[in-house]
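Following: one structure in structure tokens, then a few remarks.
Every number here is computed from the coordinates shown, using simple stated rules; none is lab data. This structure is a prediction, so every number in the text was calculated from the model and none was measured. Here the Cβ positions follow ideal geometry from the backbone for every residue, glycine too, while neighbour counts run over all protein chains shown.
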Amino acid sequence: MMNKLKIVFLLCFVQQLVIAQEKPNIVLLFSDDAGYADFGFHGSKIMKTPNLDKLAKQAVRFTQGYVSDPTCGPSRAGLITGRYQQRFGFEENNVPGFMSAVSAADGREMGLPVEEVTIADYMKKMGYTTSFYGKWHLGGDDRFHPVKRGFDEFYGFRGGARSYFPYSNIPAQKMDLMERGFGNFVEPEQYLTDALAMEAIDFIERNAKAKKPFFTILSFNAVHTPMDATKEDLDQFPELKGKRKIVAAMTLALDRACGKVLDKLKELGIDKNTLVVFTNDNGGPTDKNAGVNFPLSGTKSSHLEGGIRVPFLIKWPNNTGANTTYDYPISTLDLLPTFFAIGGGDVRTIKGTDGVDLLPYITGENTERPHEVLFWRKDTRGVIRRGDWKLIRYPDRPAELYNIPNDISETHNLVSKHPKMVKEMFKELFAWELTLERPRWMLKKAFEKVDIDRMDKFRDQSKYIDGESK
Ligand code: CA
């Protein structure tokens, strides 16, 4: 009898272990301002990204993966809430990038409204240990801090950019400083991209050992400015010069850091039970970091594909869909419901998400489009993507209409050929706008001109594909 009880007890114990192990870990590798063309898995002959190329072979590669905005802050606000960030007024630009600006809603303290539920809040509810490493950019004020937004652990900086090397002269603005947990400012001991990987690895090791499911966002500031690279990495690109050489070195470091994390998952024997995402927050700013988005047009801060379509890989547990592509449009808004579902959550309980759980689409259980329609908006500019068609509304010129699969570079404006469709799309875009909150802060119109000029100047990305390689 005792033996029987013992066996039952043991079976329960084993079952619990299996259940605990079955809850997949989640690692989001997130780069900053990387060019769409600047990865081996997107055909780059210049950049060296062997680790991410290997990940691409184990992953589903999304050929039309979008972010919800072509700039850092709003794109991250969308990802982390799974909601169009305009729904809560996080629209106009980064915070708090323009210190002279004062928000009508928030004064100088601009950030992700505290009532918004984050991706980490959801994962914690599912029993995950959560962490965030690197660039936050969702508000510098204490109340917006990552440890107050669902993350158990944090090592990073609150702002949008900082040096990749430790500061010897500490800047006055604390949002530029590296911070461990809350308020403990500790500069890294090595090149920042490598330091962030080491932090994530430490977190992964601890949780794997404790057999706790974990969720981490490794939010690299690479390859955002400043253009900082180590001599060793620069030396790998003797044929390049100028910013193109530096961005290549920074990309190499990014790839190495991702590789270290991926290798650690394998070494710990948890790679098959870990969902890994690699994506990027907005298109490459060709002017700032020499990032190239070819065959897409335009740069960061434009609503052409080069601003909003990003490299997007998901390696699913047990290698589901390994080495395949998925071609319907998807969004970083989908990550929250996808993670929540794979962690055992019921996506119907998520309040007000604009994303969907992607897994049924990957397995073929659902053959429809994940999104019949996607929207973008900043100030006067608005975009609607319905099916294969994309309408862009501008402040200074007539709207443009493109058939994206037929015209990936957006060079054939078909607006005059389809007046009825254009009318309908305008109506639908406006109907969506009626559901939004007013922007919590606004920029001077002059910043819109900066974005428009930048789009016009860097629209044709074919000029840059070989860049300064010659
Ligand atoms: Ca960015």
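Tabulated results
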| item | result |
| --- | --- |
| Linear extension gain, Asp388 paired with Val373, 0.36 nm per residue minus alpha-carbon span | 4.5 nm |
| Gyration tensor (alpha-carbon) shape descriptor, the stretch 398-460, a/c threshold 1.5 | oblate |
| Highest average packing first - 359-366, 338-345, 390-397, 296-303, Cβ atoms within 10 Å | 296-303, 338-345, 390-397, 359-366 |
| Using a Förster distance of 35 Å, the FRET efficiency for Met126-Phe185 (Cβ separation, nearest 0.05) | 0.65 |
| Using θ = phi - 60° and Karplus 6.51 cos²θ - 1.76 cosθ + 1.60, couplings along the stretch 204-218 (whole Hz; Gly, Pro as x) | 5, 4, 4, 6, 5, 4, 7, 6, 9, x, 10, 9, 10, 10, 9 |
| Shape category assigned to the chain from the gyration tensor of Cα positions, a/c cut at 1.5 | rounded |
| Cα pair distances of the stretch 142-277 binned at 5 Å [whole percent] | 2, 9, 18, 20, 18, 16, 11, 5, 2, 0 |
| Percent RCO, i.e. relative contact order, over the stretch 14-371, from Cα pairs under 8 Å lying at least 6 residues apart | 30 percent |
| FRET efficiency estimate (nearest 0.05) - Cβ-Cβ, Asp235 to Ser168, R0 22 angstrom | 0.35 |
| In nm, spacing of pseudo-spin labels at Glu109 and Glu428 (7 Å Cα→C-beta vector) | 4.1 nm |
| The chain: antiparallel DSSP beta bridges as a percent of all, rounded to 5 | 50 percent |
| Contact order normalised by residue count of the stretch 202-256, Cα under 8 Å, 6+ apart, percent | 34 percent |
| For the stretch 289-299, Karplus couplings with θ = phi - 60° (6.51, -1.76, 1.60), whole Hz, Gly/Pro x | 10, 6, x, 10, 10, 3, x, 6, 9, x, 10 |
| Nitroxide proxy distance, nm - points 7 Å out along Cα→Cβ at Val415 and Ala322 | 4.8 nm |
| Amide H contacts under 5 Å for Ser31, placed H, 5+ residues apart | Thr279, Asn280, Asp281 |
| Protection proxy ranking of 280-290, 252-262, 436-446 - average other beta-carbon atoms within 10 Å, highest first | 280-290, 252-262, 436-446 |
| Distance between modelled label sites at Asp346 and Lys260, nm, 7 Å Cα→Cβ extension | 4.3 nm |
| Karplus 3J(HN,Hα) series, Hz, for the stretch 165-177 with 6.51 cos²θ - 1.76 cosθ + 1.60 (x for Gly, Pro) | 10, x, 6, 8, 9, 5, x, 5, 7, 5, 5, 8, 8 |
| Length-normalised contact order of the stretch 326-370 in % [C-alpha pairs under 8 Å, at least 6 apart] | 44 percent |
